[in-house]
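Asks: The structure follows.
A short reminder: the numbers here are calculations on the coordinates, not readings from a lab. Model, not experiment: these values are computed from the prediction. Glycine gets a Cβ as well: all are built from the backbone with ideal geometry, and neighbour counts include every protein chain shown.
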There are 6 protein chains.
Amino acid sequence: MPKTYLTRRERFSSAHRLFQQELSDTENAQIYGQCSHPNWHGHNYELFVTVKGDVNPEIGFTLNLKTLSNIIKTYIIDKVDHKNLNLDVPFLKGKIPTTENLSIAIWDELAPHIKELGAELYKIKVQETENNFIEYFGEL
Amino acid sequence: MPKTYLTRRERFSSAHRLFQQELSDTENAQIYGQCSHPNWHGHNYELFVTVKGDVNPEIGFTLNLKTLSNIIKTYIIDKVDHKNLNLDVPFLKGKIPTTENLSIAIWDELAPHIKELGAELYKIKVQETENNFIEYFGEL
Amino acid sequence: MPKTYLTRRERFSSAHRLFQQELSDTENAQIYGQCSHPNWHGHNYELFVTVKGDVNPEIGFTLNLKTLSNIIKTYIIDKVDHKNLNLDVPFLKGKIPTTENLSIAIWDELAPHIKELGAELYKIKVQETENNFIEYFGEL
Amino acid sequence: MPKTYLTRRERFSSAHRLFQQELSDTENAQIYGQCSHPNWHGHNYELFVTVKGDVNPEIGFTLNLKTLSNIIKTYIIDKVDHKNLNLDVPFLKGKIPTTENLSIAIWDELAPHIKELGAELYKIKVQETENNFIEYFGEL
Amino acid sequence: MPKTYLTRRERFSSAHRLFQQELSDTENAQIYGQCSHPNWHGHNYELFVTVKGDVNPEIGFTLNLKTLSNIIKTYIIDKVDHKNLNLDVPFLKGKIPTTENLSIAIWDELAPHIKELGAELYKIKVQETENNFIEYFGEL
Amino acid sequence: MPKTYLTRRERFSSAHRLFQQELSDTENAQIYGQCSHPNWHGHNYELFVTVKGDVNPEIGFTLNLKTLSNIIKTYIIDKVDHKNLNLDVPFLKGKIPTTENLSIAIWDELAPHIKELGAELYKIKVQETENNFIEYFGEL
């Protein structure tokens, strides 16, 4: 059975701030630049979820796209869209909301739900601006 | 002398919240939906500034693009990028930072500086997400 | 009161065929080329609806974006998305579904609903492929 | 000799319908949703063909881009563009034209022709809408 | 009869240099910055040609898209694509190839051919990079 | 420690010509087509640099994006932007500036600087037009 990689894009708009609580504003600015601005800033994030799986020979799908979209919306988009990534998101509690940490946390949230569907989470890609993005493949 | 319209795009990433101070959170949510979320959210904004002018026959420019870009950066981008549109921006003080109000305020900031250069501000376009944008031509 | 132009993008995927019933396949091919292929073909259309209006000074909106989006979905997207533009769409009955006719018909459907909201439909833009689009301003 | 991956994008616009002949319309709708609409619908597809190969040290190419483009046009685009994927395409006969099956069938058509040129087909990516795409690497 | 605006996009890749022959390299650099680099540089240009016309009630077109595309290719693209805008293009002879002058010259080349087809050239838009473009409406 | 892949996009606009000095213009045209035009042509290139690394658990970054951007600007963009790839670029001397050779040369320039920062260069992607790009992973 051929294996394909299905990617679904979803979008969310959030506020965040990059900083370490134990550092001063000046120290945070040295590490995080403008991204440590105390009154927050925000982005239109694009999330690409890639799932690997056998193509079901009868149906012709790796996974039902609607099912995949619903899972991403329930477990991720509803929790981050029009929210503050530092203050409002249970699965980011205690983490600095860099695109790296965001990608890893989204992987950890989604992987078990994809597995339940008989497929395998392959990649999380989070695009923060048109000039930078992070990819995570679950590598430790 | 032929007249052309020169457009420069600049980008900024900001946090904001849409709400009226005199209304309750419930009332604000009825009007502004998710955009009134109290802990802020944010966007990657795209700003398109269009200037109308005669093409200088010797130089071949409507306006020097570098000059235009510098004016936009000095008077707009430096004040809104990686900032909170409700709290940090002098020219938005007391205004609800909708894309409409943002476009009008940017027009008011830029128009005199474009005029000084012998050209005419023609349009401000602000794109908030890939699905919605506002255009303002200075019409009252 | 400043007037702004608010644009909302919605998308739909449809099948269509360009042909005149009274002409032969050869004649239709001479006029419409590949687009007259008898077994249909299709596109991902992008619809941009632009509404002109005063910015409500209290709220800061030309029109509520959610309301506008709902109107477009109810009167247009639900009727054309994942449909056949020749066979399934009441407001296209008896019309050749060129991008021109599609834009005009969408204008005619939406204009009264936008008017009811106290604003004015300004432009319908329909993008058929990345290389061609039609704009209609209600001009006769 | 360094190995590079050359990708060529080509586009096509097609009609299709997702359904299993032995199922009722209601059953097909449960599996394929709107995509099983009996009167067809369609998309602007983007096809990305990635070829892996040594860079010819004299010429500086992995493969001549024009040659690659011609092969894709002859064996794929000419057969699917402005066509019905269910009815018109020999290499899709008897297959449900999901993006998965489309990607696999395109791989099977192109792989031998790429091989004849001394290179290796590495990936087929088919983008159906801006929100979903399939990648296939020939994995079984 | 409704009037619509039909836009066709074509692309070309060219080299150019912005400079005035009677000025020194230093003086040119002061006016044109990097764009006056003596050994040339280049761009992927996007050209958008917008034609205004009545929609033919029998055919449903403003103008046949294929005809429009062929005119643009014959009179513009074939002369500028993979060429040097300073050295190779008859209709730019003696002009500094700024995006402004390029837009005006393309207007002058295309307008009579569009008129012969019974339509009206409405706008030339030339996009030089993702951050800047010129629009020309034939205004003097 | 989780490993992520960080990608930074930078852009440059350059002139180039594809040809072998020892061949005639006719022979070069047979191999390189329009790209061998003697008076040069040019492109807006997009460069995507992907770096693989552990996410620093305190800071939350694979690598500081600003640092990465500065390295790309210093060692690549400043040397190729608004330049002639055949005549002006030290690291391309003696090479035919195909997208393949450009990608490999950029890899060779950047790899040691990324290593000094404790990370690993994973991929260079150079997009020449919207229809073709090269990826290089340092494979020999």
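Asks: Specify whether the C-alpha gyration tensor of chain D places it in the rounded, prolate or oblate class, a ≥ b ≥ c being the square roots of the eigenvalues: rounded for a/c under 1.5, otherwise prolate if a/b is larger than b/c and oblate if not.
Replies: On the way: a/c = 2.61, a/b = 2.42, b/c = 1.08.
In terms of gyration-tensor shape, prolate.
Asks: So who's got an amide H within less than 5 Å of the one on F:LEU18, skipping anything under 5 residues away but keeping other chains? H placed 1.01 Å off N, in plane.
Replies: When sequence neighbours closer than 5 places are left aside, the close amide H contacts are F:SER36, F:HIS37.
Asks: Placing the label point 7 Å from Cα along the Cα-to-Cβ direction, what are the distances from F:ALA111 to the equivalent spots in the other copies, shortest first, in nm to one decimal?
Replies: 3.1, 3.1, 5.7, 5.8, 6.5
Asks: Follow-up question, since we're still on this one. May I ask for the net charge around B:LYS95, where only other residues with Cβ less than 12 Å from the Cβ of B:LYS95 are counted and Lys, Arg are +1 while Asp, Glu are -1? Please list the in-between numbers first.
Replies: Details: positive: B:LYS93; negative: B:GLU100, B:ASP108, C:GLU58.
Charge balance near B:LYS95 sits at -2.
Asks: Next up: Can you give the relative contact order of region D:21-112 as a percent, counting alpha carbon pairs under 8 Å and 6+ residues apart?
Replies: Values: 39 pairs, mean separation 12.9, N = 92.
Relative contact order comes out at 14 percent.
Asks: Under 1.5 on a/c is rounded, so check that first for the protein assembly as shown, then, if it is not, pick prolate when a/b is larger than b/c and oblate when it is not; a ≥ b ≥ c are the square roots of the alpha carbon gyration tensor eigenvalues. Write out the running numbers ahead of the final one.
Replies: Details: a/c = 1.03, a/b = 1.00, b/c = 1.03.
Rounded is the answer for the protein assembly as shown, as its axis ratio a/c remains below 1.5.
Asks: C:THR129 label point, 7 Å along Cα→Cβ, cut-off 12 Å on backbone N: hits in region D:70-102?
Replies: Only D:78, D:81-83 pass the distance filter.
Asks: Can I ask one more? Averaged over peptide F:100-107, how many Cβ atoms belonging to another chain are found within 10 Å of each residue's Cβ? Walk me through the numbers before you get to the answer.
Replies: On the way: counts 14, 7, 1, 5, 5, 0, 0, 2.
That average works out to 4.
Asks: E:LYS115 versus B:ALA111, label points 7 Å from Cα toward the beta carbon: distance in nm?
Replies: Label at E:LYS115, label at B:ALA111, 3.7 nm between them.
Asks: Quick one: if the Förster radius is 60 Å, what FRET efficiency do C:PHE137 and A:THR26 give, using the C-beta to C-beta distance and rounding to 0.05?
Replies: With R0 = 60 Å, the Cβ-Cβ based efficiency is 0.65.
Asks: Find, among the residues of chain B, the one whose Cβ sits nearest the axis of the rotation taking B to F; state the distance in whole Å.
Replies: In chain B, the Cβ lying nearest the symmetry axis toward F is B:ARG11, 7.
Asks: Count, for each residue of A:57-63, the Cβ atoms from other chains sitting within 10 Å of its Cβ, then give me the mean as a whole number.
Replies: On the way: counts 3, 5, 8, 13, 9, 5, 1.
Other-chain Cβ atoms within 10 Å of each residue's Cβ, averaged: 6.
Asks: Students often get this wrong, so check it: of C:LYS95/C:LYS123; D:LYS73/E:LYS79; A:LYS66/A:LYS115, which have C-alpha atoms separated by over 19 Å? Please list the in-between numbers first.
Replies: Numbers: C:LYS95/C:LYS123 21 Å; D:LYS73/E:LYS79 25 Å; A:LYS66/A:LYS115 16 Å.
Violating the 19 Å limit, Cα to Cα: C:LYS95/C:LYS123; D:LYS73/E:LYS79.
Asks: Between region C:20-92 and region D:12-58, what is the C-alpha centre distance in whole Å?
Replies: 21
Asks: About its Cα centre, how strong a charge dipole does region B:67-107 have in debye, to the nearest 20, once Lys and Arg get +1 and Asp and Glu get -1 at the Cβ? All intermediate terms of the calculation are to be shown ahead of the outcome.
Replies: Values: 5 positive and 4 negative charges, 17 e Å.
Computed charge dipole of region B:67-107: roughly 80 debye.
Asks: Next question. Calculate the dipole size of the protein assembly as shown relative to its Cα centre from +1 charges on Lys and Arg beta carbons and -1 charges on Asp and Glu beta carbons; express the result in debye to the nearest 20. The partial results should precede the final answer.
Replies: Values: 90 positive and 114 negative charges, 0 e Å.
It works out to roughly 0 debye.
Asks: Taking H placed 1.01 Å from N in the peptide plane, check which residues at least 5 places from D:TYR122 or on another chain put their amide H under 5 Å from its amide H.
Replies: Excluding prolines and chain starts, which carry no amide H, the hits are D:THR50, D:VAL51, D:LYS52.
Asks: Net charge near D:THR7: determine it from the other residues with C-beta under 10 Å of the C-beta of D:THR7, scoring Lys and Arg +1 and Asp and Glu -1.
Replies: Working: positive: D:ARG8, D:ARG9, D:LYS123, D:LYS125, F:LYS125; negative: F:GLU135.
With Lys, Arg at +1 and Asp, Glu at -1, the net is +4.
Asks: Now for a different question. What net charge do the residues around A:GLY42 carry, taking every other residue with its C-beta under 12 Å from that of A:GLY42, with Lys and Arg at +1 and Asp and Glu at -1? Walk me through the intermediate numbers first.
Replies: Details: positive: A:ARG17, A:LYS83, B:ARG17, B:LYS83; negative: A:ASP81, A:GLU128, B:ASP81, B:GLU128.
Net of charged neighbours comes to 0.
Asks: Exposure proxy check: C:GLU100, D:GLU46, B:GLU130, E:GLU116 ranked by fewest other beta carbons within 10 Å? Could you put the intermediate results ahead of the total?
Replies: Working: C:GLU100 27, D:GLU46 19, B:GLU130 13, E:GLU116 9.
Neighbour counts put them in this order, fewest first: E:GLU116, B:GLU130, D:GLU46, C:GLU100.
Asks: Follow-up question, since we're still on this one. When the dipole is taken about the Cα centre of region D:34-140, and only Lys, Arg (+1) and Asp, Glu (-1) are charged at their Cβ, what size is it in debye, to the nearest 20? Write down the numbers at each step before the final one.
Replies: Values: 10 positive and 15 negative charges, 44 e Å.
Value, rounded to 20: 220 debye.
Asks: Would you list D:TYR122, C:TYR5 from fewest to most Cβ contacts within 10 Å?
Replies: Working: D:TYR122 17, C:TYR5 22.
Placing the least packed residue first, the sequence is D:TYR122, C:TYR5.
Asks: Using every pair of alpha-carbon atoms in region C:57-140, split the distances into 10 Å bins beginning at 0 and state the percent of pairs per bin, rounded to integers.
Replies: So the P(r) values, bin by bin, are 16, 47, 30, 7, 1.
Asks: Which residue, chosen from E:ILE114, E:THR129, E:PRO90, occupies the Cα position most advanced towards the positive end of the dipole of chain E, where the dipole is computed from +1 (Lys, Arg) and -1 (Asp, Glu) charges on Cβ about the Cα centre?
Replies: E:ILE114
Asks: Could you work out the mean count of beta carbons from other protein chains within 10 Å of each residue's beta carbon in C:16-22? Show your work: numbers first, answer last.
Replies: On the way: counts 5, 4, 3, 0, 3, 0, 1.
What the average comes to for C:16-22 is 2.
Asks: I need A:PHE48, C:PHE91 ordered by Cβ neighbour count within 10 Å, fewest first.
Replies: Details: A:PHE48 18, C:PHE91 14.
Least crowded to most crowded, the residues run C:PHE91, A:PHE48.
Asks: With helices defined as uninterrupted DSSP H runs, which ones in chain E have an alpha carbon span along their own long axis of at least 24 Å and mean Kyte-Doolittle hydropathy of at least -1.0?
Replies: Flagged H segments are E:99-116.
Asks: Whole-Hz ³J(HN,Hα) for each residue in region E:80-95, computed from phi via Karplus 6.51 cos²θ - 1.76 cosθ + 1.60 with θ = phi - 60°, x for glycine and proline: what do you get?
Replies: Once rounded to whole Hz, the list reads 10, 6, 6, 10, 9, 5, 7, 9, 10, 9, x, 6, 10, 3, x, 10.
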